[in-house]
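*Asks:* Below is the structure I would like to discuss, written out as C-alpha cells.
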Amino acid sequence: MAGRIRDEDIALVRERTAIADVISEHVTLKSAGGGNLKGLCPFHDEKTASFTVAPARNVYFCHGCGQGGDAIKFLMDIDHLSFVESVERLAARAGIQLRYAEAGPAPVRQNQGQRQRLVAAHAAALEFYADQLRTAPAHKAREFLAERGFDRATAQQYACGFAPDAWDHLAKHLRQKGFTPQEMITAGLAREARSGSLIDRFRRRLLWPIKDLTGDVIGFGARKLFDDDDGPKYLNTPETPLYKKSHVLYGVDQAKREIAKQGRVVIVEGYTDVMACHLADVPTAVATCGTSFGTDHIGVLRRLLMDTDGFAGEIIFTFDGDAAGQKAALRAFEEDQKFVGRTFIAISPDNMDPCELRLAKGDMAVRDLVARREPLVDFALRQVLSRHDLDTVEGRVDAMRRAAPLVAKIKDREKRPEYVRKLAGDLGMEIEPVQRAVAAALGRTEAANGPAAVQASVDSPQSMVERECLKLALQMPALAGPMFDALGPEVYRHPVHAVVREAIAAAGGAASAAAGAVWIEGVRDACADLAAKALAGELAVEPLQLEMEPDMRYLSMQLAQLQLPGVMQRIGEIKSKVQRINPVSNADDHLRLFSELLPLEQKARALREQAVGGL
C-alpha cells in the first residue's frame, strides 16, 4: 500500500522498544517473578493486579479484560493513536529514521496528515462553539436545552455548542489557529461565498458534535432555533473525508462500551433522544445523523455487538407511533435480515419520542419503553394486517398475500412454522393455505437471490473472519506478527483455511516474514494441496474488509473473533455434560466440569471485549 511505513522499520521499532519503559510511564509495575512485571490494568477498573508485562518478549496481557499486544498497540490504546502515529512516536523515542514505501498513484501518508489536520480543526471548532453557548446571544439555545430537561452540566457533558449570528466568526478563529481556507472547506466547517470570501457553514444554530468510535469530532449537527431561519430544521456537516453520514451514529463514542458489555443497542431518531436515554440509564442508545438507518450502520453495530453465528445480541429500534414511524419500522424489518441478532421495536403508547417521554413521565418511563420491546416481525405483521378488513373473505386473503412474504423473510427458519400458525390464527384461516402462501413467497425470494444466496450461506461470518486473518498474515506479516502465529490451525474450522495456516507456519511464520512476493510464494510452495495453494494466491491479492490501513487494534479484533466460536462451542459441550451428570453420585466429575467451565466463560468475556476493539 502506497505511503506505508516499511515493514522492516516496523520490525526494528518493535525490536528496539523496551515495552516496560513505555508502560511504566502510565502504570506502576512490580516484579511478578519469572522476569515478568505486574500492575493495575489501565484499561479497566480492578482491585487485584492482573496486567502482566513480559519484557523478554516485549508484550503485555491483562488476564482480567483480555487486552494485550506490544508497545505499538499499548500506545494506540492508551493515547488513542493510529497505528502509524504510534510507530512514529516509538521510532522518535528510539532514534529510528522511518522510511515510507511510495509506490502507487497517491501516497497514503499525505491523506493521513490531512486527517490529523481535519480532526484538529474540528477540535478547535468544538471549543469555539462550546464557548459561544455561554454567551448572551446563545440564550435561545440554552432555553431549547432547558425546555427538554437538559441542564448546563448535561450540555457540557455532550459538548453542545452555539454557532453565533455572524458570517465568518469561526473561519476567523480557525485562521488564527493556523488552519488554511482549504482545510476549513474540506472539513465542512466553512464554504466559499459568491464573492469568494470564506463564510461559516453553521449560523444561529444549536450544535451537537458528532464523533467517531475513537472519540474524534468529525462533524456537527445543527438545529434551527429562530423562525426567520429559512434553512432546514436540522443541518448536518456535508460529506467530507472524515464525515460519511451512512457510517456515522451519534452517541456511539459514549455508548460503545455498554453496547459491547450488554450485547444490546437501542436505535433512536435524534440527538436529544440519545441524551435522554443515556441520562435515563439506557446507555446503549445511538442515532443516525441526517439519513435513514442502513447497511453501513449495520456494519458498525455488528462490530460492536459481536454479531456473529456464535454470539447474537439485541437490536432495539424506537420509532414514533405515527405513520412515518411505522413506515420506518417496516423499512428496518427489511434490514433485519442482515443482523444475526434479534431485532425488536419499542413504541411509546403516547407516541412520544424518548426525550418527550422522559420530560413528561421521568427516567423510569424511558427504561420501561425499552423493557416493553416486542419482536420486530410481530410489529411488522400487525401493521400489515391492520390495513385490511379481516371480517371479509377478500380482506383476509389479501392480508395473507401481503403478510406471507414477511414470514418468508424471517431469517431463523425454525421460527417460520410458528409464525405460520400465528398468522393463520390472526387471520382466522386454516393453516394449509397460509403454509402454501409462505412457501410460494419463500420460493420467489430464493429464486430472486439465485446463486448469490447460496454463496452467502457458504460465506458464514466465521469463514469470513478466518479469511481476514489469513489475509493479514499473507499481506502484512509484520503487522500480524506473533499475535497471529500464537493461534494454530486448530482454530480454523474451514479445512482449506487450516491447510493454509499450516503452510504459513511451515514457511517460517508471520513474525519472521517480510511482505512481498517471496513471502507469498514461500507460503504457496508450503501448501499441502492445490486447493490451498490456489486460495493462498487469492487471499494474497483480495482486499481487506477495511477502508483504512489496518492496525494492531483491527488485528486483535479479528483474532478474538477467530477464537470465540470454538470457546463458545466448548462451553456449550461442558454445560450439556453438566446437565446430564448427577451432582450427588458423580460429585468429582461434576466439580471437574465446573472448574473447567469457569475459566472458559472468563475467556469468552475477554474475547468479546477484544473483538470490539477493547472497548
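*Asks:* Any residue in the range 348-364 that is on the phi > 0 side of the Ramachandran plot sitting within a Cβ distance under 9 Å of a residue that is modelled with pLDDT of 95 or more and in a loop (DSSP other than H, G, I, E, B)? List the pairs, counting only those 6 or more apart or interchain.
*Replies:* So the pair list comes out as 362/280.
*Asks:* Right, here's the next one. From the set of residues in the range 275-289 that are within 13 Å of residue 318 (Cβ to Cβ) and under 17 Å from the mean Cα position of the chain (by Cα), which is modelled with the lowest pLDDT? It would help to see each step written out before you state the result.
*Replies:* So in the range 275-289, the residues within 13 Å of residue 318 (Cβ to Cβ) come out as 276-277, 280, 282, 284-288.
Subsequent filtering for residues that are under 17 Å from the mean Cα position of the chain (by Cα) retains 284-288.
Values: 284: 96, 285: 97, 286: 96, 287: 94, 288: 90.
Among residues in the range 275-289 that are within 13 Å of residue 318 (Cβ to Cβ) and under 17 Å from the mean Cα position of the chain (by Cα), the one modelled with the lowest pLDDT is 288.
*Asks:* Is there a residue in the range 514-532 that is within 22 Å of residue 461 (Cα to Cα), surrounded by 14 or more Cβ atoms within 10 Å (Cβ to Cβ) and not basic (Lys, Arg)?
*Replies:* Yes, the range 514-532 contains a residue that is within 22 Å of residue 461 (Cα to Cα), surrounded by 14 or more Cβ atoms within 10 Å (Cβ to Cβ) and not basic (Lys, Arg).
*Asks:* State yes or no: is residue 162 among the aromatic types (Phe, Trp, Tyr), not assigned by TED's automatic domain parsing to the domain that holds residue 276 and not in a helix (DSSP H, G or I)?
*Replies:* Yes: the conditions hold for residue 162.
*Asks:* Sticking with this structure for a sec: When you scan the range 471-482, do you find a residue that is buried (at least 20 other Cβ atoms within 10 Å of the Cβ), part of a helix (DSSP H, G or I), at pLDDT 85 or above and basic (Lys, Arg), even just one?
*Replies:* Yes; the residues of the range 471-482 include at least one that is buried (at least 20 other Cβ atoms within 10 Å of the Cβ), part of a helix (DSSP H, G or I), at pLDDT 85 or above and basic (Lys, Arg).
*Asks:* Suppose we filter the range 50-70 for residues that are hydrophobic (A, V, I, L, M, F, W, C) and surrounded by fewer than 22 Cβ atoms within 10 Å (Cβ to Cβ); how many remain?
*Replies:* Result for the range 50-70: 5.
*Asks:* Further question: Which condition from (1) buried (at least 19 other Cβ atoms within 10 Å of the Cβ); (2) under 21 Å from residue 551 (Cβ atoms); (3) modelled with pLDDT of 75 or more is the one that residue 37 breaks?
*Replies:* Checking residue 37 against (1) buried (at least 19 other Cβ atoms within 10 Å of the Cβ); (2) under 21 Å from residue 551 (Cβ atoms); (3) modelled with pLDDT of 75 or more, the one that fails is (2).
*Asks:* Name the residues in the range 220-274 that are in a helix (DSSP H, G or I) and over 21 Å from residue 319 (Cα atoms), would you? Talk me through it step by step, then tell me what you get.
*Replies:* Taking the range 220-274 as the starting set, the residues that turn out to be in a helix (DSSP H, G or I) are 252-262, 271-274.
253, 254, 256, 257, 258, 260, 261, 262, listed by residue number.
*Asks:* Looking at the range 265-288, which of its residues are surrounded by 19 or more Cβ atoms within 10 Å (Cβ to Cβ) and charged (D, E, K, R)?
*Replies:* Those that are surrounded by 19 or more Cβ atoms within 10 Å (Cβ to Cβ) and charged (D, E, K, R): 269, 273.
*Asks:* Next question, about the same structure. Pick out the one residue from 304, 242 that is at pLDDT below 80, surrounded by 22 or more Cβ atoms within 10 Å (Cβ to Cβ), under 28 Å from residue 560 (Cβ atoms) and not small (Gly, Ala, Ser).
*Replies:* 304
*Asks:* Something else now. Go through the residues of the range 538-546 one by one and say whether even a single one is within 16 Å of the chain's Cα centre (by Cα) and not small (Gly, Ala, Ser). Working first, answer last.
*Replies:* From the range 538-546, those within 16 Å of the chain's Cα centre (by Cα) are 545-546; that's our starting set.
Next cut, not small (Gly, Ala, Ser) only: 545-546.
Taking every residue of the range 538-546 in turn, at least one turns out to be within 16 Å of the chain's Cα centre (by Cα) and not small (Gly, Ala, Ser).
*Asks:* Identify, by number, the condition in (1) closer than 30 Å to residue 271 by Cα; (2) in contact (Cβ under 8 Å) with a residue 60 or more places away in the chain; (3) of a type in the set (A, V, I, L, M, F, W, C); (4) out of contact with any strand residue (DSSP E or B) (no Cβ under 7 Å at 6 or more places or on another chain) that residue 381 doesn't meet.
*Replies:* Condition not satisfied by residue 381: (2).
*Asks:* Among the residues of the range 408-463, count how many are at pLDDT 70 or above and on the phi > 0 side of the Ramachandran plot.
*Replies:* 1
*Asks:* Something else now. In the range 188-215, what count of residues is obtained for those that are assigned to a loop (DSSP other than H, G, I, E, B) and buried (at least 19 other Cβ atoms within 10 Å of the Cβ)?
*Replies:* Adding up the residues that qualify gives 6.
*Asks:* Let me ask something additional. Residues to consider are 367, 358; find the one that is part of a helix (DSSP H, G or I), assigned by TED's automatic domain parsing to the domain that holds residue 280 and either modelled with pLDDT under 90 or buried (at least 20 other Cβ atoms within 10 Å of the Cβ) (or both).
*Replies:* 358
*Asks:* Within the range 370-382, restricting attention to residues that are under 26 Å from the mean Cα position of the chain (by Cα) and not in a loop (DSSP other than H, G, I, E, B), which residue is surrounded by the fewest Cβ atoms within 10 Å (Cβ to Cβ)? Outline the logic, then answer.
*Replies:* We begin by selecting, within the range 370-382, every residue under 26 Å from the mean Cα position of the chain (by Cα); these are 370-377.
This time we only want the ones that are not in a loop (DSSP other than H, G, I, E, B), so: 370-371, 374-377.
Working: 370: 21, 371: 11, 374: 13, 375: 16, 376: 22, 377: 23.
The extreme case among them is 371.
*Asks:* Output the residues belonging to the range 558-577 that are at pLDDT below 80 and touching an Asp or Glu at 6+ places or on another chain (Cβ under 9 Å).
*Replies:* 577
*Asks:* Please go through the range 61-81 and give me each residue that is under 18 Å from residue 10 (Cα atoms) and modelled with pLDDT of 75 or more, ordered by number.
*Replies:* Residues satisfying the conditions are 70, 71, 72, 73, 74, 75, 76, 77.
The values are calculated or read from the model by the stated rules, or taken from the named source; none is laboratory data. Keep in mind that what you see is a predicted model, and the values were worked out from it rather than measured. Counting neighbours? That spans all protein chains shown, and the Cβs are built from the backbone with ideal geometry, glycine included.
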